[in-house]
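Here the structure comes first, spelled out in structure tokens, and everything after it is commentary.
The values are calculated or read from the model by the stated rules, or taken from the named source; none is laboratory data. Since this is a predicted model, take the numbers as computed values, not measurements. A quick note on method: Cβ atoms are made from the backbone with ideal geometry, for glycine too, and the neighbour counts reach across all protein chains shown. Only protein heavy atoms, including side chains, enter the accessible area calculation; ligands, DNA and RNA are left aside. Shrake-Rupley method; radii C 1.70, N 1.55, O 1.52, S 1.80 Å.
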Amino acid sequence: MKEFIKYEEIRNRISELARAIERDYEGKEILILGILKGSFHFVSLLALELNLPTEIEFLKTSSYGESKISSGNVKIEMNSDIQLSKKNVLIVEDIVDTGLTLNKIFGEILFKNPVSLNVCSLLIKKDKHKFLHEIKYYGFEIKDEFVVGFGLDYNEKYRNEKNLYILD
Ligand code: IMP
């Protein structure tokens, strides 16, 4: 396991993202829709930094299981009581790898008629992903490597590591 991005650097970048989001959503309320489990630290730090009226909801996806490669078979679990119409929804994701997960989530959320819908991902694999819409906010653009820590797991381990690491 090789150290990749230190916690302090992650925190600084999250502050920068919060400032950009505040500028864009000035005078508006926002609903952060965190994608579990990998985004839970990111959602927490971003929300604490954001100086905007903010609601927080989560949905859960799974596709990887015990593999490092996306199965493409994305399952979404979301509480049907969550009201997204009339909301400025910001999907907060840990990493966009193939983009398959986000394509599916984006489609389902659009179907619920939000006022606006944007994406904020901590990490993106820009040259690899096939997400069909703009990723308006992202923390770091990375190469095609498997990353763990700061919420991201391999087989449910490493989520509690503060730094990000590249897994061999
Ligand atoms: P995608 O559908 O291939 O974009 O993958 C999305 C989900 O797979 C992410 O939200 C992560 O939970 C997981 N994932 C993708 N790449 C990595 C990685 O490098 N480390 C840990 N999890 C990953």
Quiz item: What number of residues within region 138-159 satisfy the criterion of being on the phi < 0 side of the Ramachandran plot and near the ligand (Cβ under 10 Å from one of its atoms)?
Solution: 10
Self-check item: All strands (runs of 3 or more DSSP E) inside region 24-125 with 3 or more residues being at pLDDT 95 or above and more than 13 Å from the ligand (Cβ to nearest atom)
Solution: 30-36, 54-62, 88-96, 116-124
Self-check item: Condition check for Y138: open to solvent by 50 Å² or more (accessible area, probe 1.4 Å), within 25 Å of R23 (Cα to Cα) and among the aromatic types (F, W, Y)
Solution: yes
Practice problem: Could you pull out the residue among K130, K162 that is within 13 Å of the ligand (Cβ to nearest atom) and either over 20 Å from E9 (Cα atoms) or over 13 Å from the mean Cα position of the chain (by Cα) (or both)? | Solution: K130
Practice problem: Determine, yes or no, whether I135 is among the aliphatic types (A, V, I, L, M), without any contact (Cβ under 8 Å) to a residue 60 or more places away in the chain, within 12 Å of the ligand (Cβ to nearest atom) and in a loop (DSSP other than H, G, I, E, B). | Solution: yes
